[in-house]
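Here the structure comes first, spelled out in structure tokens, and everything after it is commentary.
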Amino acid sequence: MLVEASAPGKCILFGEHAVVFGQPAVAVAIEQRIKVSIQPSPDEHWRLEGHRLDAKKHPHLNTLRHRLWPTKDGAPPLSIQITGDIPRASGLGSSAALSVAACAALRVARGRWMVEARDGVHHWAEGYSSSIGDTDAYATFDDQKAGLRPSNYDNRTHMIHAESALDLDECAVLGHAVEAAAQGGRASPMDASTCAHGGVVLLSDQVEEDATHLYRRELEMSDGKRTWELHDLEVPEGGDDLFLVIGNTGVHAPTSAQVAKVAEAIGQEPERMKEIETIGTIARRGILALKNGDYDAVGRAMTENQIMLRGLGVSCPELDALIRAAAPTSLGAKLTGAGGGGCMVALTRNPKTTSEAIELAGGRAFISKFGNEGVRVETIERMPIWSPDS
Ligand code: PMV
């Protein structure tokens, strides 16, 4: 009995940090992925890589199991394995990819209770989605009841199993909720949505034209409520010979510390909000260029974005060195993610030359095409892992 699901990492073309304050941003799903495998534990304990699951060390997995796994109904503890090629704590969304893949695996293994309304339409009796208001992915209590829809759950009629139970919006909203909890309540939905939906994801403070609107996300933060409109952005023709080259400094920098550093800087000098707004203006220019397929202008916006990020204090000498090395052979280059270490990304038509330049400057380079597939189920063997009737 085994279920496996995988999700891609992401890199950010424009707008990290500013997006936490509600400014626009664009992220791209990369080729590198994380796979989560689950099967019944050999004993009465939840296990990760064979060891007892430590809730403090793995808060994402711990919250997800409470949200999604019906232990109280008798479902057995699980054994979890994680594999993949996304470097950890490096600005590539490894924790969001892990959360989204884990969410998919748990939901597929568990199934979903449904209710059939009098008109024959089937509705969820449980679960999390931007289109239902009576369950709360962001609830602070670790109780799976948060996911039960009170009126529907009492009338549950049947269960849907395996892939038909999977829902991308659910993976994204739960992924965002656990990211926000891990980042002290400050996280944009960018990582989780890009890992769930794949492709190119655009976040904005308004519903955009020329992009498919996915949903609205809202989050209450210590300094006010944020609202983001998320979109799937179709990359126009002409991007076929374009590559992202990612350069890893090998320096680990936790996202939460970087996000807190920016919040503190702005708390101390509120006029620095101007810098966040300027990143938003640059991102808007980059988004327009992306919609028009003008990749030279996309690259220029990335480079301008980097200048602002450096000013904000989230770059570092190692990142600057890799960005300098990549610049001559690329259309634009910048850090990706929270910064302070981790990765940079270059947009280039010469992936091999750009990679070599990054490696010569001391980084580890890898290449990704634009816009890869989002979360997907890899394996379903001898299901169900557990059934409410068994
Ligand atoms: O470092 P990563 O891959 O977790 O990306 C963080 C992106 C930020 O904008 C800095 C934070 C966020 O929640 O959007």
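The values are calculated or read from the model by the stated rules, or taken from the named source; none is laboratory data. As the structure is a prediction and not an experimental result, all values here were calculated from the model. Virtual Cβ from ideal backbone geometry, glycine too; neighbours counted across all protein chains shown.
Against the numbered list (1) more than 16 Å from the chain's Cα centre (by Cα); (2) under 30 Å from Thr348 (Cα atoms), Ala192 comes up short only at (1).
Determine if region 59-68 includes at least one residue that is touching a strand residue (DSSP E or B) at 6+ places or on another chain (Cβ under 9 Å) and within 20 Å of Val375 (Cα to Cα). Yes: region 59-68 contains one or more residues that are touching a strand residue (DSSP E or B) at 6+ places or on another chain (Cβ under 9 Å) and within 20 Å of Val375 (Cα to Cα).
Listed here are the residues, each with its yes/no results for (1) away from the ligand (no atom under 16 Å from the Cβ); (2) touching a residue at least 60 places away in the same chain (Cβ under 8 Å); (3) of a type outside the set (A, V, I, L, M, F, W, C); (4) buried (at least 24 other Cβ atoms within 10 Å of the Cβ).
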site: Leu2; (1), (2), (3), (4): yes, yes, no, no
site: Pro8; (1), (2), (3), (4): no, yes, yes, yes
site: Cys11; (1), (2), (3), (4): no, yes, no, yes
site: His17; (1), (2), (3), (4): no, yes, yes, yes
site: Pro24; (1), (2), (3), (4): no, yes, yes, yes
site: Ser41; (1), (2), (3), (4): yes, no, yes, no
site: Arg47; (1), (2), (3), (4): yes, no, yes, no
site: His51; (1), (2), (3), (4): yes, no, yes, no
site: Arg65; (1), (2), (3), (4): yes, no, yes, no
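Residues considered: Leu166, Leu202. Of these, the only one that is under 16 Å from Ser130 (Cα atoms) and touching a helix residue (DSSP H, G or I) at 6+ places or on another chain (Cβ under 8 Å) is Leu166. Applying the criterion of being within 16 Å of the ligand (Cβ to nearest atom) and either in a loop (DSSP other than H, G, I, E, B) or at pLDDT below 90 (or both) to the residues of region 89-128, the residue that is nearest to the chain's Cα centre (by Cα) is Gly93. Only a single criterion out of (1) within 14 Å of the ligand (Cβ to nearest atom); (2) in contact with a Leu (Cβ under 8 Å, 6 or more places away or on another chain) is not satisfied by Glu208, namely (1). Of the residues making up region 69-88, those that are within 16 Å of the ligand (Cβ to nearest atom), outside any strand (DSSP E or B) and surrounded by fewer than 21 Cβ atoms within 10 Å (Cβ to Cβ) number 3.
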